[in-house]
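Some notes on the structure that comes next.
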Amino acid sequence: MTSPLLFGDRGQTLPIYIWLTVILLFAALAFFAFAQAASARNGAQSAADAAALAAAQDSRDELIEGLTGAIGTDDDWLDWLDGDKFEGAGASAAADRLAAENDSTVQGGAQPTVVNGFPGYRVAIETRYTVGESIIPGTESRHATAHAIAVIQPRCDFDPAADPEKPVELDCDGEIVDIDPGDFDPDDLPDASVLFSVHLAE
């Protein structure tokens, strides 16, 4: 004969199992919601990083173009190696392109800035996609945002007393680049990354 106490125990434990199941289900849904938000934030930051770097790289290309045109024709061509003689006309468009490739939109264009003496750009973006539906109200219409700053850092040193009309030796973080303004060939210039580094400031 089965003891009635067993049925009594089962009757008491059933609500506990139900509550535990509900709690575990809620915890799983909450974890999923936070994972969704974290994924959206990471995507937004990646888009902002890419857009800021694109803006800075576009201005680095402008620096290389200006330096190439100045060597042999402008006695102040060494000033281009300071890394700040660009206008940045194409920076915002470059940032827009990279943001779009990451399904995001730049807010307010690429903003010129200076960090630790190095020129660069601050870019803020908003994702075109939303966090998505979750147990947290409003996430289905919420877009992730992020910002990033990229700077252009000169890499080359030279003798301050160097005559810009004579051959000049550049020391670009250990890589020696010789430039003769009197016999200059644009192919003599190394890759842009040798003369200027572009990197995120934060």
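The values are calculated or read from the model by the stated rules, or taken from the named source; none is laboratory data. Please read all numbers here as calculations on a predicted model, not as lab measurements. Positions of Cβ are generated from backbone atoms using ideal geometry, with glycine treated the same way; all protein chains shown enter the neighbour counts.
Does the range 80-103 hold any residues that are small (Gly, Ala, Ser) and within 13 Å of the chain's Cα centre (by Cα), and which are they? Lay out the reasoning, then the answer.
Going residue by residue through the range 80-103, those that are small (Gly, Ala, Ser) are 83, 88-95, 99-100.
Those that are small (Gly, Ala, Ser) and within 13 Å of the chain's Cα centre (by Cα): ALA94, ALA95, ALA99.
ASP58 satisfies every condition listed in (1) modelled with pLDDT of 95 or more; (2) surrounded by fewer than 16 Cβ atoms within 10 Å (Cβ to Cβ) except (2). Taking the range 173-199 as the range and being within 16 Å of GLY83 (Cα to Cα) and in contact with an Asp or Glu (Cβ under 8 Å, 6 or more places away or on another chain) as the test, the residues that pass are PRO190, ALA192, VAL194.
Among the residues making up the range 129-153, those that are within 30 Å of VAL198 (Cβ to Cβ) and either of a type in the set (A, V, I, L, M) or modelled with pLDDT under 90 (or both) are TYR129, HIS143, ALA144, ALA146, ALA148, ILE149, ALA150, VAL151, ILE152. Annotation note: Cβ proximity below 7 Å between a residue of the range 80-107 that is in a loop (DSSP other than H, G, I, E, B) and a residue that is of a type in the set (Ser, Thr, Tyr) (sequence gap 6+ or interchain) occurs for PHE86/SER59; GLY88/SER59; ASN102/SER46; ASP103/THR127; ASP103/TYR129. Of everything in the range 169-202 that is assigned to a helix (DSSP H, G or I) and farther than 21 Å from TYR121 by Cβ, the residue that is modelled with the highest pLDDT is VAL194.
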